[in-house]
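Trainee: One structure, as structure tokens, below. Some questions next.
The values are calculated or read from the model by the stated rules, or taken from the named source; none is laboratory data. Keep in mind the model is a prediction, meaning the values are calculated, not measured. Every residue, glycine as well, gets a Cβ built from its backbone with ideal geometry; the counts of neighbours run over all protein chains shown. Ligands, DNA and RNA are excluded from the accessible area calculation, which covers all protein heavy atoms including side chains. Shrake-Rupley method; radii C 1.70, N 1.55, O 1.52, S 1.80 Å.
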Amino acid sequence: MADYAHQCRSPTLRTVTPDAVAREYNHPAVGLNSPDLSDQMDDQYTDSSVSDCESSVSSDQSGAATSPFVGSGLMELQEGDRVHRLIKERFVSRLGALGGQVTVAGIHQNSYTGEAARARAQAFQIYSEAVQKKGGGDTPNVRYAWYATSKEGVLKILSYGFGYSGKPENNGLYGCGVYFAPDNHPLESVKSAPIDEDGLRHLLLCRIIMGKPELVSPGSEQSHPSSEQYDSGIDDLLSPRRYIVWSTHMNTHVLPVYVVSFRAPRCLRGLRTPEESRKPTSPWMPFPILISELSKILRPSDLSLISKYYKDHKGGKISRHMLVQKVRQIAGDGLLTRVIKSFRTKQFGRESG
């Protein structure tokens with residue numbers, strides 16, 4: 001590893017073969033090449049709700065179908081391959097009850113063919129070391145994570161890297177970036193994976209450099225870390241269901257490693273995404289948006305005080321509860337209720353009643 005890293009920094013960079021790159025990135029961030037899969041894992045998985053729709057899974061449990069990626073530069077892993085078995089078992093077992101309705105049709109490994117692909121692999125290694133140094137020598141916190149895309153999307157990402165069209169994913173719920181599901185929560189990506197003409201869905205299993213993640217609230221408009229100390233975003237500090245790699249980092253902090261192709265019920269009604277389960281049931285809106293709206297109403301002195309308390313909260317000087325109490329004291333509950341109701345109407349549509 002040290003020798004390889006040194007070569008990456010050298011002005012006379014040696015040629016790296018696809019096999020060498022594959023070996024370099026096969027060593028586990030979560031132990032996919034090791035029988036011990038407990039490393040960096042959270043095996044708690046409670047959401048086992050499944051579709052009540054009729055299953056369309058093929059009865060051919062062998063997944064013996066023509067590879068959808070023939071001639072793409074991807075290397076198909078065989079059923080008897082240990083990595084194939086470990087990925088398949090982890091993927092299916094973490095789908096809860098839905099796992100019994102899923103058939104893995106194939107698993108492919110990125111062979112990093114082509115100069116651009118090898119360069120992106122080397123860039124990932126360099127940035128991994130840079131994040132580690134920035135963190136004072138701590139681990140760069142490299143994780144495996146799922147990304148749902150179409151068959152065409154897989155090929156484009158492997159050829160050109162991730163692209164940003166200007167339209168945030170998931171309606172920009174957590175800002176402008178690429179959203180991944182943690183390795184132990186593939187269900188979060190399964191629902192959004194489109195079905196191709198062969199009835200297959202595809203997930204990229206990527207290594208991502210998390211570094212030091214920061215909590216990102218729904219409604220965020222971020223497109224990069226809020227400060228130099230952070231590297232990525234998560235939607236929950238204790239049990240994240242979303243990893244956010246900012247648009248500024250999407251082709252330096254992400255390395256696609258495997259493609260899992262599978263069949264699942266066409267109708268996934270009953271599966272809850274984080275966006276659906278976290279729709280607020282009580283008055284709520286992101287503080288940056290709240291402050292923006294209050295700036296149109298409050299006196300500058302009051303707004304300045306609220307902004308100060310918000311900065312204190314972001315800096316860890318006061319709790320969120322204390323921040324809320326201060327804002328209520330300054331703005332008043334009546335005004336806050338009106339502003340928040342207006343926001344909820346715009347975000348979620350007019351509520352019944």
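Trainee: All but one of (1) assigned to a helix (DSSP H, G or I); (2) open to solvent by less than 60 Å² (accessible area, probe 1.4 Å); (3) acidic (Asp, Glu) hold for residue 152; which doesn't?
Mentor: Only one criterion is unmet by residue 152, namely (2).
Trainee: How many of the residues in the range 191-236 are touching a strand residue (DSSP E or B) at 6+ places or on another chain (Cβ under 7 Å) and either of a type in the set (A, V, I, L, M, F, W, C) or free of Cβ contacts under 8 Å to residues at least 24 places away in the same chain (or both)?
Mentor: 16
Trainee: With the structure loaded, tell me whether residue 260 is under 20 Å from residue 194 (Cβ atoms) and of a type in the set (A, V, I, L, M, F, W, C) or whether it fails that test.
Mentor: When the stated conditions are applied, residue 260 passes them.
Trainee: Here's another thing I want to ask about it. Of the conditions (1) crowded, with 17+ Cβ neighbours inside 10 Å; (2) assigned to a loop (DSSP other than H, G, I, E, B); (3) of a type in the set (D, E, K, R), residue 207 clears all except one; give me its number.
Mentor: Checking residue 207 against (1) crowded, with 17+ Cβ neighbours inside 10 Å; (2) assigned to a loop (DSSP other than H, G, I, E, B); (3) of a type in the set (D, E, K, R), the one that fails is (2).
Trainee: Of all residues in the range 289-307, which are of a type outside the set (A, V, I, L, M), open to solvent by 50 Å² or more (accessible area, probe 1.4 Å) and more than 23 Å from residue 175 (Cα to Cα)?
Mentor: Of the residues in the range 289-307, the ones of a type outside the set (A, V, I, L, M) are 292-293, 295-296, 299-302, 304, 307.
Of the ones still in play, those that are also open to solvent by 50 Å² or more (accessible area, probe 1.4 Å) are 292-293, 295-296, 299-301, 304.
Across the range 289-307, the qualifying residues are 296, 299, 300, 301, 304.
Trainee: Those residues that are among the polar types (S, T, N, Q) and open to solvent by 30 Å² or more (accessible area, probe 1.4 Å), I need them from the range 91-119; list them, please. Spell out how you get there, then give the answer.
Mentor: Just the residues of the range 91-119 that are among the polar types (S, T, N, Q), to begin with: 93, 101, 103, 109-111, 113.
Hits for the range 91-119 are 93, 101, 113.
Trainee: Since residue 263 meets every condition but one in (1) modelled with pLDDT under 90; (2) buried (at least 18 other Cβ atoms within 10 Å of the Cβ); (3) closer than 27 Å to residue 201 by Cα, which condition does it not meet?
Mentor: Failed condition: (1).
Trainee: Check off (1) without any contact (Cβ under 8 Å) to a residue 60 or more places away in the chain; (2) closer than 16 Å to residue 241 by Cα for residue 180 and give me the number that stays unchecked.
Mentor: (1)
Trainee: Do the conditions hold for residue 199, that is, is it among the small types (Gly, Ala, Ser) and within 24 Å of residue 311 (Cα to Cα)?
Mentor: Criteria not met by residue 199.
Trainee: Counting just the residues of the range 213-233 that are acidic (Asp, Glu) and open to solvent by less than 30 Å² (accessible area, probe 1.4 Å), which one comes out farthest from residue 178 (Cα to Cα)?
Mentor: This residue is 214.
Trainee: Additional query: Just the residues that are of a type outside the set (Ser, Thr, Tyr), part of a loop (DSSP other than H, G, I, E, B) and within 15 Å of the chain's Cα centre (by Cα), please, taken from the range 239-266.
Mentor: Within the range 239-266, 240, 241, 242, 249, 250, 251, 253 meet the criteria.
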